[in-house]
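Report on the following structure.
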Amino acid sequence: MQRRSTLLIASLLPAALLAGGEPIPASARFAGMGNAAATLTGLWCTSANQAGLAGLEQATAGAFYQQHWLSPDLAMQGLAFALPLRAGTFAVSAGSFGNNLYAQRTFGLAYAMKLGDGLRAGVQLDYLNIRLGENYGSTGAFTAELGVQARLTERLWIGAHLYNPNRAKLGGPYAEHVPTVLGAGLSYRFNDEVILCAEASKDIDRQEQYRAGVEYRPTKALFLRTGISTGPARAHFGVGVQVGQVDIDLAAVVRSQLGFTPMVNLNYRFK
């Protein structure tokens, strides 16, 4: 009985965290800003809005790790690499979640390009694989992601992102659709030091969620971040440091009933 209970918990918690809502951006920078990432740029737009990959100017590789509520059984980790070329930016990414009772793996191939001055678009093909331990089986599905970002004024950007427009369906013991999620947001850059972001997203089968965050850059090498998000309510905090070609980002997401989730990502920008 205890083993069955453990398996049930291991199966339901990840589904609530990942499959039950929109994909969680694998970025400590985004998490520190409330995950309001629809208009931001960077390597980890592979898990937020692929259009932001077109804002990269250097080839970049990165690694990401987080533990939901400090539980090793609820850990997420990921790798990503992006290569900007004249024709656009190509990126690959991979992520994993879970343990030997429940494991979720994702693999992505993305392409983004600038369509004009102040207009970016991106697309990504994903493969999602879920496996249950103790011979309960596994299943997989292909999904897609679409994203766009546009500059309205010198300081104001808007962005939109659609996850799983093809309404992919998981087979095996799940027999349910992968969530389809539409998100849109905006950001306003007050100056070179402060940027404010806000975003709303809607899983077509669930209630909408809202996010907001701010990033402050007091010095060239230091970033301070904070934000809030709903569904459920969470507080977000983060800090980033640039050391030469290395970016180190730390964040913590606090949920009152369950505690906090720490995360870190390390990026290397090639010359």
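Worth pointing out:
- Of the strands (runs of 3 or more DSSP E) entirely within the range 154-271, those holding at least 3 residues that are more than 27 Å from THR143 (Cα to Cα) occupy 181-189, 194-203, 209-219, 222-229, 234-243, 246-255, 259-269.
- Look at the range 239-258: where a residue is farther than 19 Å from ALA26 by Cα and a partner is among the basic types (Lys, Arg) and surrounded by 13 or more Cβ atoms within 10 Å (Cβ to Cβ), sitting 6+ places away or on another chain with Cβ atoms under 7 Å, you get GLN245/ARG269.
- Evaluation of GLY227 against (1) without any contact (Cβ under 8 Å) to a residue 40 or more places away in the chain; (2) touching a Phe, Trp or Tyr at 6+ places or on another chain (Cβ under 9 Å) (one fails), failing number: (1)
- Between LEU53, LEU152, the distinction of being surrounded by fewer than 16 Cβ atoms within 10 Å (Cβ to Cβ) and touching a strand residue (DSSP E or B) at 6+ places or on another chain (Cβ under 7 Å) belongs to LEU152 only.
- The requirement of being β-branched (Val, Ile, Thr) and exposed (fewer than 13 other Cβ atoms within 10 Å of the Cβ) is not satisfied by THR106.
A quick yes/no check of all residues on (1) among the basic types (Lys, Arg); (2) more than 15 Å from the chain's Cα centre (by Cα); (3) within 19 Å of ALA37 (Cβ to Cβ):
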residue	(1), (2), (3)
ARG189	yes, yes, yes
GLN207	no, yes, no
TYR216	no, yes, yes
LEU224	no, yes, yes
ARG234	yes, yes, yes
ILE248	no, yes, yes
TYR268	no, yes, no
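- Selection over the range 47-98 of residues that are assigned to a helix (DSSP H, G or I), modelled with pLDDT of 95 or more and touching a Leu at 6+ places or on another chain (Cβ under 8 Å) gives a count of 3.
The values are calculated or read from the model by the stated rules, or taken from the named source; none is laboratory data. This structure is a prediction, so every number in the text was calculated from the model and none was measured. A quick note on method: Cβ atoms are made from the backbone with ideal geometry, for glycine too, and the neighbour counts reach across all protein chains shown.
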